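Colleague: Starting off with a structure, shown below.
Read the figures in this text as sums done on the coordinates, not as results from a lab. Everything numeric in this text was worked out from a predicted model, so none of it was measured. Here the Cβ is made from the backbone with ideal geometry for all residues, glycine too, and neighbour counts use every protein chain on show.
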Amino acid sequence: MGSTITVDLSSVGVEAMRATAPRTWPSITTSKTKFEEKQPYDAQAFLDSAGVARRIVEYGSKVPVFAQGDPATSVLYIQKGSVKLTVVNEAGREAVVSILGPGDFFGEGCLAGQSQRVNTAATITRSTILVIEKPEMTRLLHAEQALCERFIKHMLSRNIRVEEDLIDQLFNSTEKRLARTLLLLAHYGKQDNPEKIVPEISQEVLGEMIGTTRSRVSFFMNKFRDLGYIKYGGKLRGLQINKSLLSVVLKD
């Protein structure tokens, strides 16, 4: 049977996304290629099924899920909340790999033979995460068609994102990269009703995500706020992303 574990490590401090070639970005614009709308897998039906070895872990905000170098023994699925993936090189420099939300899998490298985690996962907000051990996940991918299809869509979307990240770093300006990252945090282009307010993320983390400095992020964040594209601070809990920010991504 499954179990629920509550992890309260709120005192532990531990917070990308992607981009597009100039003038064309299939994830936000209405061009020919378009991401599949992400529909969260029916986790409750999965949990209620007999004989499924799984557990649910509830995490506080800004706490570790696993660390780079830990044994890779399970695949994780986000039911609620958000998770940041980071990597650290030998010199101790940290970079943000991705920010994930409800409906996303992570830690799937164990299925491809990874014996250790190649990145660190930490929550950004309070999160509920389904943990499936590697043998059980392998069995389910063969036995559960719905789960297998959802997982394949996840992997294809992840590959598309990696390609777009590379194109963005090679061709787009810092301003466009930041605008696109903020829009993707709000899920613009991926669902009919994008989130207008997302968890606030530090400017240092945004800089790591797009490959620039905190000062450059601060400059463009202030510019976007002055133009009414975004809103943050004051009584607003989080970062408000307005659709008008698309004009930055789409301009020549």
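Colleague: Near Thr213, within a Cβ-to-Cβ distance under 15 Å, what is the net charge of the other residues, with Lys and Arg +1 and Asp and Glu -1?
Modeller: Local charge sum for Thr213: 0.
Colleague: Rounding to the nearest 20 debye, state how big the charge dipole of the stretch 45-152 is about its Cα centre with +1 on each Lys and Arg Cβ and -1 on each Asp and Glu Cβ.
Modeller: Here the stretch 45-152 has a charge dipole of around 240 debye.
Colleague: Sticking with this structure for a sec: So which of Lys62/Lys235; Lys153/Lys235; Lys80/Lys196; Lys153/Lys231; Lys176/Lys231 end up more than 29 Å apart by C-alpha?
Modeller: Check vs 29 Å cut-off fails for Lys153/Lys235; Lys153/Lys231.
Colleague: If you don't mind, another one. Full extension from Ala91 to Ser218: what is 0.36 nm times the residue separation minus their Cα-Cα distance, to one decimal in nm?
Modeller: 43.1 nm
Colleague: Based on the mean of other Cβ atoms within 10 Å per residue, sort peptides 54-65, 86-97 so the most packed one is first.
Modeller: 54-65, 86-97
Colleague: Among residues other than Lys134 whose Cβ falls under 15 Å from its Cβ, what is the net charge (Lys/Arg +1, Asp/Glu -1)?
Modeller: 0
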